[in-house]
Amino acid sequence: MKTSILNFEAKDYIPKDFKAKPCRAILRPMGDTSAAGEPTLEEQIAAYQREFQDLDPQVEKIVSALSRLNRRMNVAYGRQTADLGISNADWEVLKALVLSGAPYRMGPGDLAKRLGLTPAAMTHRIDRMVTEGLVTRERDESNRVRVIVELTGGGREKWLEAMRLASVFEEDLLQDLSPDERTALGEVLTRILRRVEHDQPDAGGRLSDLD
């Protein structure tokens with residue numbers, strides 16, 4: 001990475017006296033990453049600098065940490081949803097329907113657009129979720145051409161259970177940050193997100209369908 005879309009200094013937002021403490025593990029242990037062959041951030045940056053002299057180590061540490069955090073959080077959430085008997089793919093649909101507001105209904109096309117999926121992939125996902133009793137799919141009484149996907153009571157309960165588990169995990173994840181640090185971190189990450197959304201407005205979906 002030769003250049004960066006970021007224009008903030010991490011030292012401006014992280015207190016000098018901040019010392020991270022080991023987080024409590026509330027999920028199944030993921031093992032020692034060094035034993036799995038993944039280098040530390042410092043080792044990765046040093047290797048990059050050896051091969052690519054134009055690297056900005058400060059920027060690389062930020063984006064690499066964000067990437068690793070995102071990957072591990074996705075694994076943690078996936079384990080939680082699996083324990084509930086649903087997949088991350090199911091969770092995405094449940095979340096989209098809940099966010100739409102009561103009565104929690106959306107058309108398949110709108111869902112596909114929201115999740116960055118092709119219509120065929122969305123249809124396959126809905127088929128499975130109907131079988132699992134998480135959603136229903138019916139013709140719109142006011143427009144028989146239109147299909148409506150609606151959250152079931154069981155689907156909403158699965159969403160609530162997932163939210164309860166996630167809230168515990170997320171609170172534990174941020175346990176070492178004070179309220180002011182959480183506010184500052186949220187503001188910084190929001191600024192980064194807005195920059196990416198501005199520079200790459202079409203990057204909200206996927207390169208390929210994921211089931």
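The values are calculated or read from the model by the stated rules, or taken from the named source; none is laboratory data. Because the structure is predicted, anything quoted here is derived from the model rather than measured. Cβ sites come from the backbone with ideal geometry, for glycine too, and all protein chains shown count toward neighbours.
With respect to residue 81, determine if the residue is free of Cβ contacts under 8 Å to residues at least 60 places away in the same chain, of a type in the set (Val, Ile, Thr) and closer than 26 Å to residue 137 by Cβ. Considered against the rule, which asks whether it is free of Cβ contacts under 8 Å to residues at least 60 places away in the same chain, of a type in the set (Val, Ile, Thr) and closer than 26 Å to residue 137 by Cβ, residue 81 comes out as no. Scanning segment 181-192 turns up no residue that is among the acidic types (Asp, Glu), at pLDDT below 90 and more than 18 Å from residue 82 (Cα to Cα).
Quick check, is residue 155 closer than 23 Å to residue 78 by Cβ, out of contact with any strand residue (DSSP E or B) (no Cβ under 9 Å at 6 or more places or on another chain) and outside the structural domain of residue 62 (by TED's automatic domain parsing)?
Values: closer than 23 Å to residue 78 by Cβ: yes; out of contact with any strand residue (DSSP E or B) (no Cβ under 9 Å at 6 or more places or on another chain): no; outside the structural domain of residue 62 (by TED's automatic domain parsing): yes.
Considered against the rule, which asks whether it is closer than 23 Å to residue 78 by Cβ, out of contact with any strand residue (DSSP E or B) (no Cβ under 9 Å at 6 or more places or on another chain) and outside the structural domain of residue 62 (by TED's automatic domain parsing), residue 155 comes out as no.
The residue of segment 98-126 that is modelled with the highest pLDDT, among those that are assigned to a helix (DSSP H, G or I) and loosely packed, with under 12 Cβ neighbours inside 10 Å, is 99. Scan segment 56-78 and give yes if some residue there is outside any helix (DSSP H, G or I), closer than 25 Å to residue 188 by Cα and touching a residue at least 24 places away in the same chain (Cβ under 8 Å), otherwise no. The answer is yes, given that some residue of segment 56-78 is outside any helix (DSSP H, G or I), closer than 25 Å to residue 188 by Cα and touching a residue at least 24 places away in the same chain (Cβ under 8 Å).
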